[in-house]
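The block underneath contains the structure these notes are about, expressed in structure tokens.
The values are calculated or read from the model by the stated rules, or taken from the named source; none is laboratory data. The structure displayed is predicted, hence computed values, not measured ones. Please note: Cβ atoms are built from the backbone with ideal geometry, for glycine as well, and neighbour counts cover all protein chains shown.
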């Protein structure tokens, strides 16, 4: 859906955050015997055929694979929230000639670097023009020159964490509610 009004953008941001939270709420299901039984019995009909939950439940039960699978699922939720929310805000601001206002926020450069990191396997990469901004601090987090080119931790207690996702989403929403037209 192309977002053309402030209200549509706020609804889109709320939807992105709800999908992210839905993914988080699903995590305990992966550790629960009852949850794994539900996954095992689940089926879904797709255009390419029926997908069975049994193979996924088996992967989740496998001690050598299950934790990695759960961690990748969590990282995918963070990736979705951080990337999509940033892009929908940026597109709206560009389309409504408000991009310079967005660029002028205290969080823009930090959020852009994090958005790029989640898109590129959680590696911090700064372009030459951004390297002059480092170290870059927003709220509780700092991106230092030493982090450039390195993979940052992502997870419940990682550099890219649930708290970072929620606070970034809140910053986007506050900006749209209070500063955007």
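Descriptive notes on the structure:
- Test for residue 29: is it modelled with pLDDT under 95, more than 14 Å from the chain's Cα centre (by Cα) and closer than 28 Å to residue 139 by Cβ: no
- Of the residues 25, 39, 44, the single one that is out of contact with any helix residue (DSSP H, G or I) (no Cβ under 7 Å at 6 or more places or on another chain), outside any loop (DSSP other than H, G, I, E, B) and farther than 21 Å from residue 79 by Cα is 44.
- Qualifying positions in the stretch 117-129 - touching a helix residue (DSSP H, G or I) at 6+ places or on another chain (Cβ under 9 Å), surrounded by fewer than 18 Cβ atoms within 10 Å (Cβ to Cβ) and either closer than 16 Å to residue 78 by Cα or modelled with pLDDT of 95 or more (or both): 119, 123
- Within the stretch 133-141, the presence of at least one residue that is surrounded by 15 or more Cβ atoms within 10 Å (Cβ to Cβ) and in a loop (DSSP other than H, G, I, E, B) is confirmed.
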